[in-house]
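The structure appears right after this line, and notes come after that.
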Amino acid sequence: MAPPVPVYNASEIQNQYKEQLNNLEKYKCQLRSITQHECTFKPSTIRNNGNSPPEIICLPFKRIFQRCLVPAIIKNDYGVKVKTEKWINIEITNEKTNHDLVEPDSKYSKVVQEFLSAEQEFKKFMEIESDGQI
């Protein structure tokens with residue numbers, strides 16, 4: 001499991017990293033991206049009276065970062081503070097980054113609908129299970 005990290009909205013990120021984001025060359029910033037997948041479980045017990053196998057449905061989700069070199073002060077092996085530089089990743093993903101997931105004509109539109117449907121089925125499944133009906 002990943003360690004807990006604070007979640008910042010776009011304006012908080014802009015405020016916190018204003019200097020770096022406005023001076024990309026100075027901080028040797030490089031645009032980077034990763035694709036993560038948001039997955040859900042579609043149980044078999046609700047669909048077709050349990051005759052269909054369970055499914056995992058995943059959607060690709062792109063995240064975009066500016067990777068920048070910033071000044072830092074660290075303690076060396078002798079406990080002495082030393083000026084250095086370190087790389088930081090500033091997430092700049094926004095509402096337009098994953099627009100292809102929500103456009104009705106996109107290649108993902110069917111998968112998005114299946115994903116949303118599976119989320120509802122999984123919720124019902126968990127409610128039924130917690131009531132002891134399964």
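Rule-based calculations on the coordinates, nothing more; no lab input. A quick note: this is a predicted structure, and the numbers were derived from the prediction, not measured. Backbone-built Cβ (ideal geometry, glycine too); neighbour counts: all protein chains shown.
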For residue 93, residues with placed amide H under 5 Å, excluding near neighbours: 64
Dipole of the chain, positive end: most advanced residue of 23, 36, 76 [Cβ charges, Cα centre]: 76
108, 27 arranged by Cβ crowding within 10 Å, fewest neighbours leading: 108, 27
Karplus 3J(HN,Hα) series, Hz, for the range 109-123 with 6.51 cos²θ - 1.76 cosθ + 1.60 (x for Gly, Pro): 4, 5, 5, 4, 5, 4, 4, 5, 5, 5, 4, 5, 4, 5, 4
The range 85-133: proportion of alpha-carbon pairs further apart than 12 angstrom, %: 74
GluC sites (Glu not before Pro) within the range 49-118, DSSP loop, no more than 11 other Cβ atoms inside 10 Å: 95
Hz values of 3J(HN,Hα) by residue in the range 85-98 - Karplus curve (6.51, -1.76, 1.60), Gly and Pro given as x: 10, 9, 7, 10, 10, 10, 6, 10, 4, 9, 5, 8, 4, 10
GNM flexibility winner over the chain from 111, 82, 70 (Cα, springs under 10 Å): 82
For the chain, alpha-carbon Rg relative to the globular expectation (2.2 N^0.38 Å, N residues): 1.55
Among 34, 92, 73: highest mean-square fluctuation, GNM of the chain, C-alpha pairs under 10 Å: 73
For residue 61, residues with placed amide H under 5 Å, excluding near neighbours: 36, 37, 38
Under the Karplus curve 6.51 cos²θ - 1.76 cosθ + 1.60, θ = phi - 60°, whole-Hz ³J(HN,Hα) for the range 21-36, x wherever Gly or Pro sits: 6, 8, 9, 4, 5, 4, 9, 6, 5, 10, 6, 9, 8, 9, 10, 10
